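Heads up: the structure comes next, in structure tokens.
The values are calculated or read from the model by the stated rules, or taken from the named source; none is laboratory data. Computed from a predicted model, the values in this text were never measured in an experiment. All Cβ positions, glycine included, derive from the backbone under ideal geometry; neighbour counts span all protein chains shown. Surface areas here come from the heavy atoms of the whole protein model, side chains and all, with no ligands, DNA or RNA. Shrake-Rupley method; radii C 1.70, N 1.55, O 1.52, S 1.80 Å.
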Amino acid sequence: MADKPGKKKTIPRQAMAEQEPEVRRRNFEEVPLGYTMEQAQMEASRCLQCRKPGCTSGCPVSVDIPGFIQCILEGDMTAAIRNLWGKNALPAVCGRVCPQEIQCEGECILGKKGDPVAIGNLERFAADYERAHGSGELPPKLPPTGKKVAVVGSGPSGLTVAGDLIAKGHDVTIFEAFHKAGGVLVYGIPEFRLPKAIVGQEVHFLERLGVKIECNAVVGRTVSLDELFEEGYDAIYLGVGAGLPRFMNIPGENLVGILSANEYLTRANLMKAYKFPDVDTPIPIGKNVTVLGAGNVAMDSARTAMRLGADSVRIVYRRSRQEMPARAAEIHHAEEEGIEMMLLTNPTRYIGDEKGRLTGMECIQMELGEPDDSGRRRPVPIPGSELEIECDLCIVAVGSGANPLLTQSTSDLQLNKWGYIMTEPNTGKTFKRGVWAGGDIVTGAATVILAMGAGRKAADSIHEYLVYGW
Amino acid sequence: MFKIVHREEMADATVILNEIEAPLIARKAKPGQFVILKANEEGERIPLTMAEANVEKGTLTVIYMVVGKSTALFKTLQVGDGYQDVIGPLGKPTHIEKVGNVVCVGGGTGVAVLYPITKAMKEAGNHVTAIIGARNKDLLILEDKMREASNELIVCTDDGSYGHHGFVTDPLREMCEKGSLNQAILIGPVPMMKFASKITEEYDVPTLVSLNPIMVDGTGMCGGCRVSVGGETKFACVDGPEFDGHKVDYDELMLRLQAYCEEEKQCYESYCTIRDAV
Ligand SMILES: Cc1cc2nc3c(=O)[nH]c(=O)nc-3n(C[C@H](O)[C@H](O)[C@H](O)COP(=O)(O)OP(=O)(O)OC[C@H]3O[C@@H](n4cnc5c(N)ncnc54)[C@H](O)[C@@H]3O)c2cc1C
Ligand SMILES: Cc1cc2nc3c(=O)[nH]c(=O)nc-3n(C[C@H](O)[C@H](O)[C@H](O)COP(=O)(O)OP(=O)(O)OC[C@H]3O[C@@H](n4cnc5c(N)ncnc54)[C@H](O)[C@@H]3O)c2cc1C
Ligand code: SF4
Ligand code: SF4
Ligand code: FES
């Protein structure tokens, strides 16, 4: 490259245009609007093209970051997307939802002194450009092997396995319990963060490649793993996610107006209840909403409640701001939209009226004590600090666990003490022959990119098993 | 699409029977299990119990009462039309076992849910007495089938227009008093299950009820179907839908069923307005 590195540092990180908080807090359209080509190339020019790029080692799937950024700089968008696809089947998704600040961007050399390269934004740009202008040409496929693979679950990890194995010539069918494919990408993450049309297009891409998708198939009920083997499947991948909602287990939790984040977001996203009554599924509209928890799921729930017309939305979290697990960008967006943070506060009891409807919550204030197993300081209640919060809708987003529906019906899988499937870490092999697993059902609730990374590893291992028999 | 191959109207067209092509589900269906149906893209996911499943034909039968927007929409579907989505079989099957004398009590469309269980209980070698009830003669469903499926059938109508004049709880109490009952299965509107369970509890008759809370996914991932049983929270779609009738918090269930009544009314009314205008 002709440009001198010294000159690049003077270009500031390119901010992506966004809908104004005042406007977006009441609509479901996507918040960041995307780069223009000029902005993208300006941002791309900031990259130093490091010989040993920290960014790539920070990415769980080792995307060739300097490589695809160079393609953008040179204006070769086809090369950029090909490069990305080499490691990451869902760049339009990852560019939007990866916690870049602790992954790729967290390791970017520029971040040591100033702002790191906006890798996520560039990844999104390359993928969006391909969707808008690409030829739609399918990547090459190896000749058919005659081997059949069943993928259970159509979240990011299942989609990755399906995409990898179809390209290697295997016959792939995805079985999905819901009526639509995409996993958390369609039922959990809201439209304003990840437009469903993008997920739909990725799924359609796989279908064009020849992947068959059987929706409404609850494996463990509609069909068992052993029956899939009997039907001629040679290998099975389990990517069923961690879809078991946790509750607080405090008095009054079954009052009307208390929903798990899973239920609330499924109604809003998968069932499109924000369009009620144009669609048939209702969703409770809260005036004063509380959301328990402070991860991405909590932020998504809070921002959804605001968009549905709440007067006030409060995140109630028992630790302090530092420990909030949500992505920094999401917390920032939530606050801009007027969502309040009630930190160091823990609910102890729900309060209802004679109709069994939620009217408030009793909480207690917390302070941080000694570090716990997670290394974070343990919150302890301050005696006598009880307070009451008025609310008519409470969304519980305090984590999720392993859904036992499938694992209970399959006796020869081995589970750990939390009910997650045990696998060989390098391959994703389970203790049942011919069955692999990965994503949230192995690790517990994690991230899109980790679920995809696990899928890729398993796909490599499944391929070897199918071709070489091990 | 899951095609409707047979359709019947019952109880003054307030109750509809659909036989639906769904071979994969029919193959696995057991008494007590349910499916979730969605009519079209904008549709709601509605749980309905399977009243019958036919493995050879690859069909399953649901019988539902028209109560709101979604069931009114289902009613418009004719033979040859279909549902966009049918998911199942969901829920735990009824535990079928030879225990001796069994009474199966059904009210309203609960009779449809009760029918396959009654049949299976008799086939397992039990002596089965069935008690079915409705508000009046015209609203009674599945009388012939229930007669066939049981050893003895008692019919009740609230208004006395047919059979025993009064509620299903009257003959149930009489049977309890005779003292030879080994098991009761009660399925119907929540108040019916609540009062009937009180009776069987007085006489220490082990009792099963089938609960119908509001559901979304039916696979244990949303928790919308929570019910309190013996002081513990259960997810009816995976832990049930059948539970020990003596331990269920019926009052909570009734309140939770009203969660969306305002929204449902709005949805149904606007639907009826549009439908009637066409
Ligand atoms: C609201 C929300 C926001 C999030 N935000 C972010 C974010 O910003 N960034 C990020 O990186 N991560 C985020 N995550 C986490 C991320 O979405 C998950 O880690 C990831 O989706 C896990 O992928 P998966 O493929 O393992 O499972 P999932 O995406 O959970 O998909 C599993 C699929 O399997 C299906 N299934 C389950 N059981 C069966 C069965 N028995 N038979 C057939 N199908 C079955 C399910 O219906 C589902 O479709 C978020 C999660 C949530 C819930
Ligand atoms: C496991 C299970 C099995 C069921 N099996 C049958 C069946 O075999 N036949 C049948 O007729 N019905 C059955 N139901 C009830 C059926 O699902 C509801 O009647 C249906 O969802 C109503 O939808 P709607 O849009 O027409 O009415 P809505 O507009 O949603 O509701 C109208 C009225 O019905 C009440 N309601 C809403 N949801 C339910 C519910 N889940 N159960 C009872 N009342 C409700 C509301 O409080 C409201 O007053 C079952 C429910 C469950 C959970
Ligand atoms: S996949 Fe995620 S972590 Fe990897 S480069 Fe892309 S945005 Fe960064
Ligand atoms: S570390 Fe930063 S500057 Fe270096 S190659 Fe990666 S993105 Fe470019
Ligand atoms: S219906 Fe969602 S958990 Fe039972």
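What accessible area per residue, rounded to a whole number of Å², is obtained for region B:192-278 using a probe radius of 1.4 Å?
So region B:192-278 comes to 44 Å² accessible per residue, rounded to a whole number.
Quick one: buried accessible area between A and B, total over both chains, 1.4 angstrom probe, nearest 100 Å²? Write out the running numbers ahead of the final one.
Values: alone 21310 and 13300 Å², together 31100 Å².
Interface between A and B: roughly 3500 Å².
Give me the dipole magnitude in Debye, nearest 20, for the protein assembly as shown about the Cα centre, with unit charges on the beta carbon: positive for Lys and Arg, negative for Asp and Glu.
So the magnitude is around 2140 debye.
Strictly greater than 47 Å: what percent of every Cα pair in the protein assembly as shown meets that? Walk me through the numbers before you get to the answer.
Working: 67823 of 279378 pairs.
Pairs farther apart than 47 Å: 24 percent.
Which whole-number percent of Cα pairs in region B:11-57 have a distance greater than 18 Å?
Result for the distance tail: 37 percent.
Mean Kyte-Doolittle hydropathy of 0.0 or higher plus an axial Cα length of 18 Å or more: which whole DSSP H helices in chain A meet both?
A:196-209, A:448-468
For region A:378-470, what does the accessible surface come to per residue with a 1.4 Å probe? Please give it in Å².
Working: 4510 Å² over 93 residues.
Here the residues of region A:378-470 average 48 Å² of exposed surface.
For chain A, what does the helix formula give at 222 nm: sum of -39500 (n - 2.57) over DSSP H segments with n ≥ 4, over the residue count, nearest 500 deg cm²/dmol?
Calculated from helices alone, the mean residue ellipticity at 222 nm is -9000 deg cm²/dmol.
What is the dipole size for region B:66-142, taken about its Cα centre, with +1 at each Lys and Arg Cβ and -1 at each Asp and Glu Cβ, in debye to the nearest 20?
200
Calculate the length of the line joining the C-alpha centroid of region B:180-228 to that of region A:403-447, in whole Å.
The distance from the Cα centre of region B:180-228 to that of region A:403-447 comes to 33 Å.
Tell me, what does the Kirkwood hydrodynamic radius of region B:60-109 come to in angstroms if you use every pair of distinct C-alpha atoms? Before the final figure, lay out each step's value.
Values: mean 1/r = 0.0687 Å⁻¹.
About 14.6 Å for region B:60-109.
7 Å from Cα along Cα→Cβ at both B:D12 and A:E386: what's the point-to-point distance in nm?
5.2
Which number do you get for Rg(Cα) / (2.2 N^0.38 Å) in region B:78-151?
Rg over 2.2 N^0.38 Å, computed on Cα atoms: 1.29.
Just from its helices, what would the mean residue ellipticity at 222 nm be for chain B, if runs of 4 or more DSSP H residues each count -39500 (n - 2.57) and the sum is divided by every residue, rounded to the nearest 500 deg cm²/dmol?
Values: 9 runs with 87 residues, N = 278.
Value at 222 nm, helices only: -9000 deg cm²/dmol.
What translational diffusion coefficient, to the nearest whole µm²/s, does region A:188-234 have by Stokes-Einstein, given a Kirkwood radius computed over alpha-carbon pairs, a temperature of 4 °C and 1.567 mPa s viscosity?
Stokes-Einstein gives a translational diffusion coefficient of 99 µm²/s.
Would you work out what percent of the accessible area of region A:351-453, with all protein chains in place, is carbon or sulfur (probe 1.4 Å)?
Summing carbon and sulfur atoms, their accessible area is 49 percent of the total for region A:351-453.
Averaged across the residues of B:221-230, what count of C-beta atoms belonging to other chains lies within 10 Å of each residue's C-beta?
Shielding by partners across B:221-230 averages 6.
Taking the inverse of the average 1/r across all pairs of different Cα atoms in region A:242-291, what Kirkwood radius in Å do you get?
About 12.1 Å for region A:242-291.
Apply the Karplus parameterisation 6.51 cos²θ - 1.76 cosθ + 1.60, with θ equal to phi minus 60°, to every residue of region B:178-185 and state each ³J(HN,Hα) to the nearest whole Hz, in sequence, with x for glycine and proline.
So the Karplus estimates, Gly and Pro as x, are 4, x, 10, 7, 9, 7, 10, 10 Hz.
Using a probe radius of 1.4 Å on heavy atoms only, what accessible surface per residue do you get for region B:84-164? Whole Å² is fine. Provide the component values of the computation, followed by the final result.
Values: 3110 Å² over 81 residues.
Per-residue value: 38 Å².
Roughly speaking, to the nearest percent, how much of region A:7-133's 1.4 Å accessible area is carbon and sulfur?
Carbon and sulfur together cover 52 percent of it.
Give or take rounding to whole Å, what are the principal axis extents of the alpha carbon atoms in region A:247-398, in descending order?
Between the extreme Cα coordinates on each principal axis of region A:247-398 lie 51, 40, 25 Å.
Round to the nearest 0.05 the FRET efficiency obtained for B:N54 and A:E74 when R0 = 56 Å and r is the Cβ-Cβ distance. It would help to have the intermediate numbers written out before the result.
Numbers: r = 64 Å, r/R0 = 1.14.
Efficiency for this residue pair is about 0.30.
Considering the options A:V435, A:Q408, B:S270, tell which one lies farthest towards the positive end of the dipole of the protein assembly as shown, charges being +1 on Lys and Arg and -1 on Asp and Glu at the Cβ, about the Cα centre.
A:V435
What average count of beta carbons from other chains do you get within 10 Å of the Cβ of residues in A:373-384?
The shielding value for this peptide is 0.
Run through all the Cα pairs of region A:85-155 and give the fraction in each 10 Å bin from 0, expressed as whole percent.
With 10 Å bins starting at 0, P(r) equals 16, 33, 29, 17, 5, 0.
Taking accessible area as the heavy-atom solvent-accessible surface of the protein chains with a 1.4 Å probe, which residues of region A:274-301 lose no less than 40 Å² upon going from the isolated chain to the full protein assembly?
A:F276, A:P277, A:D280, A:P282
What is the Cα convex hull volume of region A:7-133 when expressed per residue in Å³?
Taking the convex hull of the Cα positions in region A:7-133, it is 115 Å³ per residue.
Would you kindly calculate the translational diffusion coefficient of region B:101-257, applying Stokes-Einstein with the Kirkwood radius from alpha carbon pairs, for 4 °C and a viscosity of 1.567 mPa s, and quote it in µm² s⁻¹ without decimals?
Using the Kirkwood radius from Cα pairs, D works out to 82 µm²/s.
Enter the mean number of other protein chain beta carbons within 10 Å of the beta carbon of each residue in A:258-269, as an integer.
Partner Cβ neighbours, averaged per residue: 4.
What is the percent of Cα-Cα separations in chain B that go past 35 Å?
Looking at chain B, the distances longer than 35 Å represent 13 percent of pairs.
How far is helix B:190-202 tilted, in degrees, relative to the longest principal axis of the Cα atoms in chain B, given as a value from 0 to 90 rounded to the nearest 10?
Taking Cα atoms only, the helix is inclined about 20 degrees.
Alpha carbon centre of region A:258-294 versus region B:127-141: separation in Å?
Spelled out, the Cα-based centre of one part sits 39 Å from the other.
What does the convex hull of the Cα atoms come to per residue for region A:171-256, in Å³?
Details: hull volume 12.1 nm³, N = 86.
Here the figure is 140 Å³ per residue.
Which order, highest average first, do A:204-213, A:255-264, A:445-454 follow once you tally other Cβ atoms within 10 Å for each residue and take the mean per peptide?
Details: A:204-213: 16.7, A:255-264: 25.8, A:445-454: 24.1.
Highest to lowest by the protection proxy: A:255-264, A:445-454, A:204-213.
Suppose every Lys and Arg Cβ carries +1 and every Asp and Glu Cβ carries -1, with no other charges. What dipole size does region A:7-133 come out with about its Cα centre, to the nearest 20 debye?
Result for region A:7-133 is approximately 480 debye, rounded to the nearest 20.
Taking a quarter of the surface of the Cα convex hull of region B:121-190, what do you get in nm²?
Values: hull surface 19.5 nm².
The orientation-averaged projected area of the Cα hull of region B:121-190 comes to 4.9 nm².
Using 1/(1 + (r/R0)^6) with R0 = 41 angstrom and r between the beta carbons of A:D353 and B:K247, what's the FRET efficiency to the nearest 0.05?
The computed FRET efficiency comes out at 0.95.
Two decimals, Cα atoms only, Kirkwood Rh: what is Rg/Rh over region B:2-90?
Over the Cα atoms of region B:2-90, Rg/Rh equals 0.93.
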